[in-house]
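Below: one structure, written as structure tokens.
Bear in mind these aren't lab numbers, they're just calculated from the coordinates by the rules spelled out. As the structure is a computational prediction, the values presented were derived from the model and not from experiment. When we count neighbours, we look across all protein chains shown, and the Cβ atoms used for this are built from the backbone with ideal geometry, even at glycine.
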Amino acid sequence: MKLFQTGHALPGRDTAVLSDACWHEVFGHRIGTVPPGSQVAYFAMGCFWGAEKLFWNAPGVTSTAVGYAGGSTPNPTYKEVCSGFTGHAETVMVAYDPERTSYDDLLTIFFENHDPTQGMRQGNDHGTQYRSALYTTTPEQAERASAAAAAFQTNLTASGYGQITTEIAPAGPFYPAEDYHQQYLVKNPAGYCPVHATGVTCTPN
């Protein structure tokens, strides 16, 4: 889903908004590093501060970064993304060791820790940047993402929730967010970023 045609989105810029000197507060390497043997997946589930914390605490995850994906504007700023005129969603890049965890395990974290039926919002956070999305990097991920969504829909429906609005699409460019957004809840332990879990369990088929 492209929310804007390329010609109608903000122009962005050629240079990244993330500093080259930004290092991961949890894993201790440069932001965007994918350790050898790791695979990559992308998850958008509302505010990326809390979502990133969920994943860096998950067994088998080897790196994370927050940024912008799913839109048209290259290297957008946070303010530009919040304008709604980039098409991007707040997204977490997750690198993981497939010997220690699986994409299905990460999908469970994704679906159980936000409400994927809310469209362009999560709780009080409104806007296209807060939409639910899975940006897949392999055909297998795409297949597993669709299967997990179908399985979770059954459980959501039984619990009185509506239809899942999660966007499932091949990953395009991922643009890391500004330094201060990276591992925000390490730098700001009392930072506000609630998890909008439904309480419904997800077990991918």
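Proximity of backbone amide H atoms, modeled 1.01 Å from N, is registered between His114 and Thr198 at under 5 Å, excluding neighbours fewer than 5 places apart on the same chain. Normalising the average separation of contacting C-alpha pairs (under 8 angstrom, six or more residues apart) by the number of residues puts the relative contact order of the stretch 107-205 at 43 percent. The coefficient of translational diffusion for the chain, derived via Stokes-Einstein from the alpha carbon Kirkwood radius under 10 °C and 1.306 mPa s, stands at 94 µm²/s. Backbone phi angles across the stretch 117-122, fed through the Karplus curve with coefficients 6.51, -1.76 and 1.60 (θ = phi - 60°), yield HN-Hα couplings of 9, 8, x, 8, 6, 9 Hz in residue order; Gly and Pro are listed as x.
What the phi angles of the stretch 82-99 give under the Karplus curve with 6.51, -1.76 and 1.60, with θ = phi - 60°, is a coupling list of 5, 5, x, 10, 10, x, 7, 10, 5, 10, 10, 7, 10, 9, 9, 8, x, 7 Hz, glycine and proline written as x.
Apply 1/(1 + (r/R0)^6) to the Cβ-Cβ distance of Asn205 and Asn57, taking R0 = 22 Å, and write down the FRET efficiency to the nearest 0.05. For R0 = 22 Å, the calculated efficiency reads 0.30.
Please give the residues of the stretch 58-89, grouped as numeric ranges, whose backbone N is less than 18 Å from a label point set 7 Å along the Cα-to-Cβ vector of His8. Flagged as within label range: 70-74, 81-89.
DSSP beta bridges fully contained in the stretch 6-187 are about 85 percent antiparallel. For a quick check: with amide H placed at 1.01 Å from N, whose amide H comes under 5 Å from Glu167's, ignoring anything fewer than 5 positions away on the same chain? So Glu167 has HN proximity to Ser132, Ala133, Leu134. Potential lengthening of the chain between Ser146 and Thr165 amounts to 5.6 nm, from the contour at 0.36 nm per residue minus the alpha-carbon distance.
Approximating the spin labels as points 7 Å out from Cα along Cα→Cβ, the Thr137-to-Thr157 distance works out to 3.3 nm. Residue by residue, the stretch 188-195 carries 3J(HN,Hα) couplings of 9, x, 9, x, 8, 6, x, 8 Hz when phi is fed to the Karplus relation 6.51 cos²θ - 1.76 cosθ + 1.60 (θ = phi - 60°); x denotes Gly or Pro. Relative to one another, the C-alpha centroids of the stretch 110-155 and the stretch 183-198 are positioned 19 Å apart.
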